[in-house]
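Below: the structure, in structure tokens.
The values are calculated or read from the model by the stated rules, or taken from the named source; none is laboratory data. Just so it is clear, the structure is predicted and the values come from calculations on it, not from any experiment. Neighbour counts are summed over all protein chains in view; Cβ atoms, including those assigned to glycine, are modelled from backbone coordinates with ideal geometry.
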Ligand code: ADP
Ligand code: MG
């Protein structure tokens, strides 16, 4: 009997082939499957399908992560061709997004040089004409399009020279379109795959040949029968058949519903499992509210806490008083005062004989927290240490020793805190600021520092819409600081185009003369880092010409500076020595300079809504009227204009987050695309909220009834969760 990890198999189709040749197929088994079983047909590499072969299989894996039959089954069509959906060119207007047209292609010609090289053609029907454009796969286009041919085209419409155009339209000859019956699936493909003969349409053939090989029983059902019944879901096999080759619109909708359901349900089961692990995870009991906490509350608080802050402190107190481990997310808009809440939670830990740590996503933020917390705790005589990547040599040794022997009660820092070399004597509480920059895995690592898990408090200034919170943080309890400290004036937000630059600079001067400080922020986006960096430097020169040296002091910070230099410049601004801070988004989170009252954002159209909101939150921290000026080019897109409009019209972080999610989708907004946390194939967290709620309810109910998934009717589901979601071990509790 040969035992191999499944991952290896995915990557080594040759190995698989060899095993088939040696007739080991049936005795061969997968390590992470339950009892030894023959390899399932769905794990067969796609190269064994008719029309694929090793080369195309390799490309499918590289381009679309399709390695096995199973992967191909889950590569769903993104639309369906249906003859009834053909419209006319004269019906296109500015609101039209996608169209399907039937007509003739004429006047095909190549133009442009280098990267701008393209093929254009005119497409017309009885009612008008439209331009077709291709930038890629030009050889293929030239070869396959026939001048004066009759075609059906489909694509996204954009305005062009007073008319309309479609870039990279999908094409089908009219003859073929007429021959097709019912709804034909259209799949997403890539330029390289198309060049290798796997176009949007030929996917259908491959998928068809896969279905010919499959028996209904090969696609095992894993949702319990009761769930299928209660929610009116079709079987998995049926759903997969109908999503690829729907007989009609109604069956297609049912198939989509079932597949969305299964996707969201598995995710909610995973979250419910995590949650259960937290519940059974024993934590340290903070038995008392001790002297330090009380003394701080009575004597050291620089202001009265808001009711929201008090409520959250109480929630933390209640969590930590039990023997269960706390896992709590504190959401509070920028400036709502999360730091003081974290500080008080740390005092609770120390009063009970434990150590506490606070982790921030950047060096600048960690240093600012360090200074702030040290000042707050100075009267109590509590030692606070800092540990970041730049703390080296003797200093680092001293901190490590102090943490290990317990003489340092509080440490503030960056990721450096969770390195293996860092050992605590008895870490009782870990505070993580600006959570979304840390992965779930990193949270888990903190827990493994002691035998029992420390309490975990996550603080985020990114208001998270409910649906997303249910998925990203569904395993955490949530507290909200929904009140700003008193005396804050609303920030005035203004949108201006470049043409008004002189006026805007005049306004800045005015504010500086009143004694205020000003931020000027430039975009820095990874893909175009070099260019952005150059425009930042150019911007800095321009700022210097508006604000001559001698009269004005300007500091600049950006990610390419040496850390020491950046620190020095930042200090100048924090201390009030510099009037203006020219910066990239390194200042995005957390920096606190109450005297700064103007935030000028250059090329604001290049920022996302949540980022704009975060930046705006850097001002309005003192008693003065604060301003946020969004400077954009004059001809910005509809979407950009809409973002500016939202920023000007509201300062409510939750509304902005919802809007951002709606406009961009969750992967973009929370940078979770790479992490895979939100890798959904078919469900949509914005549009499928009702399904998500059903799934959450069903998952909680199921876990309640059978927490360890021991019942026979739950075995298929358990196996699926172990394989697919990568839960190594399902909970063993009863
Ligand atoms: P954030 O929630 O964005 O991390 P901070 O904790 O940095 O906010 O607090 C923002 C500012 O508000 C700080 O200057 C802080 O001292 C001040 N602050 C916090 N709580 C209160 C309060 N209850 N009353 C007055 N000022 C407060
Ligand atoms: Mg903060």
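For residues that are within 16 Å of residue 618 (Cα to Cα) and surrounded by fewer than 18 Cβ atoms within 10 Å (Cβ to Cβ), scanning just the range 458-501, find the one that is farthest from ligand 1 (Cβ to nearest atom).
Filtering the range 458-501 for residues that are within 16 Å of residue 618 (Cα to Cα) and surrounded by fewer than 18 Cβ atoms within 10 Å (Cβ to Cβ), the one farthest from ligand 1 (Cβ to nearest atom) comes out as 494.
Go through (1) in contact with a helix residue (DSSP H, G or I) (Cβ under 8 Å, 6 or more places away or on another chain); (2) outside any helix (DSSP H, G or I); (3) surrounded by fewer than 24 Cβ atoms within 10 Å (Cβ to Cβ); (4) assigned by TED's automatic domain parsing to the domain that holds residue 465 for residue 364 and report which single condition fails.
(2)
Just one of the numbered conditions (1) more than 15 Å from ligand 1 (Cβ to nearest atom); (2) assigned to a helix (DSSP H, G or I); (3) at pLDDT below 95 is not true of residue 349; which one?
In the conditions (1) more than 15 Å from ligand 1 (Cβ to nearest atom); (2) assigned to a helix (DSSP H, G or I); (3) at pLDDT below 95, residue 349 misses (3) alone.
Take the conditions in contact with a strand residue (DSSP E or B) (Cβ under 9 Å, 6 or more places away or on another chain) and either over 15 Å from residue 479 (Cβ atoms) or within 16 Å of ligand 2 (Cβ to nearest atom) (or both) and apply them to residue 304. Does it pass? If you could, list the steps in order and put the result at the bottom.
Working: in contact with a strand residue (DSSP E or B) (Cβ under 9 Å, 6 or more places away or on another chain): no; either over 15 Å from residue 479 (Cβ atoms) or within 16 Å of ligand 2 (Cβ to nearest atom) (or both): yes.
No: the conditions fail for residue 304.
Has the range 256-269 got at least one residue that is in a loop (DSSP other than H, G, I, E, B) and either modelled with pLDDT of 95 or more or over 27 Å from residue 77 (Cβ atoms) (or both)?
Restricting attention to the range 256-269, the residues satisfying the condition of being in a loop (DSSP other than H, G, I, E, B) are none.
Within the range 256-269, not a single residue is in a loop (DSSP other than H, G, I, E, B) and either modelled with pLDDT of 95 or more or over 27 Å from residue 77 (Cβ atoms) (or both).
Conditions (1) buried (at least 20 other Cβ atoms within 10 Å of the Cβ); (2) touching a helix residue (DSSP H, G or I) at 6+ places or on another chain (Cβ under 8 Å), marked per residue:
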residue: 193; (1), (2): yes, yes
residue: 211; (1), (2): no, yes
residue: 235; (1), (2): no, yes
residue: 246; (1), (2): yes, yes
residue: 253; (1), (2): no, no
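Every residue, every condition in (1) more than 26 Å from the chain's Cα centre (by Cα); (2) surrounded by 20 or more Cβ atoms within 10 Å (Cβ to Cβ), yes or no:
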residue: 302; (1), (2): yes, no
residue: 323; (1), (2): yes, no
residue: 341; (1), (2): yes, yes
residue: 346; (1), (2): yes, yes
residue: 369; (1), (2): no, yes
residue: 386; (1), (2): yes, yes
residue: 404; (1), (2): yes, no
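Identify all residues within the range 196-227 that are part of a loop (DSSP other than H, G, I, E, B) and within 17 Å of residue 81 (Cα to Cα); write none if there are none. Step through it out loud before you land on a result.
Residues of the range 196-227 part of a loop (DSSP other than H, G, I, E, B): 196-201, 214-215, 219-224.
199, 200, 201 - these are the residues of the range 196-227 that are part of a loop (DSSP other than H, G, I, E, B) and within 17 Å of residue 81 (Cα to Cα).
Filter the range 196-208 for residues that are in contact (Cβ under 8 Å) with a residue 60 or more places away in the chain and farther than 11 Å from residue 72 by Cα and give the result.
Within the range 196-208, 196, 197, 198, 202, 205 qualify.
Quick one: residue 193 ticks every box in (1) touching a residue at least 60 places away in the same chain (Cβ under 8 Å); (2) over 25 Å from residue 252 (Cα atoms); (3) not in a helix (DSSP H, G or I) except a single one, so which number is it?
So the condition that residue 193 fails would be (3).
Among the residues that make up the range 287-295, is at least one of them surrounded by fewer than 20 Cβ atoms within 10 Å (Cβ to Cβ), within 16 Å of ligand 1 (Cβ to nearest atom) and not in a loop (DSSP other than H, G, I, E, B)?
Among the residues of the range 287-295, not one is surrounded by fewer than 20 Cβ atoms within 10 Å (Cβ to Cβ), within 16 Å of ligand 1 (Cβ to nearest atom) and not in a loop (DSSP other than H, G, I, E, B), which makes the answer no.
Is one or more of the residues making up the range 367-388 within 16 Å of ligand 2 (Cβ to nearest atom) and under 16 Å from residue 293 (Cβ atoms)?
Scanning the range 367-388, I find at least one residue that is within 16 Å of ligand 2 (Cβ to nearest atom) and under 16 Å from residue 293 (Cβ atoms), so the answer is yes.
Could you please let me know if residue 268 is touching a residue at least 40 places away in the same chain (Cβ under 8 Å), within 16 Å of ligand 1 (Cβ to nearest atom) and not assigned by TED's automatic domain parsing to the domain that holds residue 594?
Values: touching a residue at least 40 places away in the same chain (Cβ under 8 Å): yes; within 16 Å of ligand 1 (Cβ to nearest atom): no; not assigned by TED's automatic domain parsing to the domain that holds residue 594: yes.
No, not satisfied.
Kindly indicate whether residue 298 is outside any loop (DSSP other than H, G, I, E, B), away from ligand 2 (no atom under 16 Å from the Cβ), without any contact (Cβ under 8 Å) to a residue 24 or more places away in the chain and outside the structural domain of residue 471 (by TED's automatic domain parsing). Break it down into steps so the answer makes sense when it comes.
Values: outside any loop (DSSP other than H, G, I, E, B): yes; away from ligand 2 (no atom under 16 Å from the Cβ): yes; without any contact (Cβ under 8 Å) to a residue 24 or more places away in the chain: yes; outside the structural domain of residue 471 (by TED's automatic domain parsing): yes.
Taking the combined requirement at face value, the residue satisfies it.
Restricting attention to strands (runs of 3 or more DSSP E) lying wholly within the range 571-647, give those where 1 or more residues are within 16 Å of ligand 1 (Cβ to nearest atom). Give the derivation first.
Details: elements: 580-583, 596-601, 627-632.
So the answer is 596-601, 627-632.
Sort through 598, 648, 629 and tell me the only one that's surrounded by fewer than 16 Cβ atoms within 10 Å (Cβ to Cβ) and touching a strand residue (DSSP E or B) at 6+ places or on another chain (Cβ under 6 Å). Let's see the steps before the verdict.
Values: 598 fails: surrounded by fewer than 16 Cβ atoms within 10 Å (Cβ to Cβ); 629 fails: surrounded by fewer than 16 Cβ atoms within 10 Å (Cβ to Cβ).
When all the criteria are applied, what remains is 648.
Among the residues that make up the range 106-128, is at least one of them surrounded by 14 or more Cβ atoms within 10 Å (Cβ to Cβ) and closer than 24 Å to residue 206 by Cα?
No.
Between a residue in the range 366-377 that is free of Cβ contacts under 8 Å to residues at least 60 places away in the same chain and under 16 Å from residue 301 (Cα atoms) and any residue that is within 13 Å of ligand 1 (Cβ to nearest atom) and outside any helix (DSSP H, G or I), which pairs come within a Cβ distance under 9 Å, given they are 6 or more apart or on different chains?
Final answer for the pair search is 373/358.
Looking at the structure I just gave you, is residue 284 closer than 24 Å to residue 350 by Cα and crowded, with 21+ Cβ neighbours inside 10 Å?
Working: closer than 24 Å to residue 350 by Cα: yes; crowded, with 21+ Cβ neighbours inside 10 Å: yes.
In short, yes.
Within the bounds of the range 131-140, is there any residue that is farther than 26 Å from residue 639 by Cα, crowded, with 18+ Cβ neighbours inside 10 Å and in contact with a strand residue (DSSP E or B) (Cβ under 7 Å, 6 or more places away or on another chain)?
No; the residues of the range 131-140 include none that is farther than 26 Å from residue 639 by Cα, crowded, with 18+ Cβ neighbours inside 10 Å and in contact with a strand residue (DSSP E or B) (Cβ under 7 Å, 6 or more places away or on another chain).
For residues that are without any contact (Cβ under 8 Å) to a residue 60 or more places away in the chain and either part of a strand (DSSP E or B) or buried (at least 21 other Cβ atoms within 10 Å of the Cβ) (or both), tally how many sit in the range 410-425.
In the first step, residues of the range 410-425 are kept if they are without any contact (Cβ under 8 Å) to a residue 60 or more places away in the chain; the result is 411-416, 418-423.
Going one step further and asking which of them are either part of a strand (DSSP E or B) or buried (at least 21 other Cβ atoms within 10 Å of the Cβ) (or both), we end up with 411-414.
Number satisfying all stated conditions: 4.
Determine whether the range 520-529 contains at least one residue that is out of contact with any helix residue (DSSP H, G or I) (no Cβ under 7 Å at 6 or more places or on another chain) and either closer than 22 Å to residue 574 by Cβ or at pLDDT 95 or above (or both).
Step one: of the range 520-529, the residues out of contact with any helix residue (DSSP H, G or I) (no Cβ under 7 Å at 6 or more places or on another chain) are 526-529.
Then keep just the ones that are either closer than 22 Å to residue 574 by Cβ or at pLDDT 95 or above (or both); that gives none.
No, every residue in the range 520-529 fails to be out of contact with any helix residue (DSSP H, G or I) (no Cβ under 7 Å at 6 or more places or on another chain) and either closer than 22 Å to residue 574 by Cβ or at pLDDT 95 or above (or both).
I'm told residue 339 meets every condition in (1) modelled with pLDDT of 95 or more; (2) within 16 Å of ligand 2 (Cβ to nearest atom); (3) part of a helix (DSSP H, G or I) except one. Can you identify the failing condition by its number?
Of (1) modelled with pLDDT of 95 or more; (2) within 16 Å of ligand 2 (Cβ to nearest atom); (3) part of a helix (DSSP H, G or I), only one is false for residue 339: (1).
Looking only at the range 314-343, which residues are without any contact (Cβ under 8 Å) to a residue 60 or more places away in the chain and more than 11 Å from ligand 1 (Cβ to nearest atom)?
Across the range 314-343, the qualifying residues are 314, 317, 318, 321, 322, 323, 324.
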